[in-house]
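The values are calculated or read from the model by the stated rules, or taken from the named source; none is laboratory data. This is a predicted model, so every value here is computed, not measured. Cβ atoms come from the backbone with ideal geometry, glycine included; neighbour counts cover every protein chain shown. Ligands, DNA and RNA are stripped out before the accessible areas are found, and what is left, the full protein with its side chains, is counted by its heavy atoms. Shrake-Rupley method; radii C 1.70, N 1.55, O 1.52, S 1.80 Å.
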Amino acid sequence: MAAPRVGRSAFSMSAPSGTEPVSIVVEVEIEPSRLDDFLKVIEEDAVGSRERENGGCLRFDVLRDQEKSNVFRFYEVYKDADAVTFHKNTPHFALWKKFKESGGVISQTSSKNDAIFFTP
């Protein structure tokens, strides 16, 4: 039996704004001397997001670049815009924010996307 598709159909884009799943893709370059600190913080943020946000965070993957060991990408999916707002006010996100403020991140880019087809 095929696994069911998750998310919404590309042909059913009529959901009210803010009620559809939201994906955030982040790329960060970490100060090499801070990698151990970063890995602790991002694990807490990812696990906390998936386990302590009452189902609002559907996915939070942390990926490491194969060529640049201090470059990471995060793939996050939230059930809606309210879940993103909730996430940004959690203790585990505060750890990530504090790490960034302490100079652990050399550079960061991010994009917010509609999550059309995804697997939680």
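Brief remarks follow.
- Residue check, residue 61 acidic (Asp, Glu) and over 18 Å from residue 21 (Cα atoms): no
- First in segment 96-120 and over 19 Å from residue 82 (Cα atoms) and open to solvent by 50 Å² or more (accessible area, probe 1.4 Å), second anywhere and in a loop (DSSP other than H, G, I, E, B) and among the aliphatic types (A, V, I, L, M), Cβ under 7 Å, 6 or more apart: 119/6
- All of (1) surrounded by fewer than 18 Cβ atoms within 10 Å (Cβ to Cβ); (2) under 12 Å from the mean Cα position of the chain (by Cα); (3) among the β-branched types (Val, Ile, Thr) hold for residue 84 with one exception: (1).
- In segment 55-69, residue most open to solvent (accessible area, probe 1.4 Å) [restricted to those that are free of Cβ contacts under 8 Å to residues at least 24 places away in the same chain and in contact with a Phe, Trp or Tyr (Cβ under 8 Å, 6 or more places away or on another chain)]: 64
- Residue in segment 18-46 that is least open to solvent (accessible area, probe 1.4 Å), counting only those that are under 11 Å from the mean Cα position of the chain (by Cα) and of a type in the set (D, E, K, R): 45
- Here residue 49 meets each of (1) over 11 Å from the mean Cα position of the chain (by Cα); (2) open to solvent by less than 90 Å² (accessible area, probe 1.4 Å) with one exception, condition (1).
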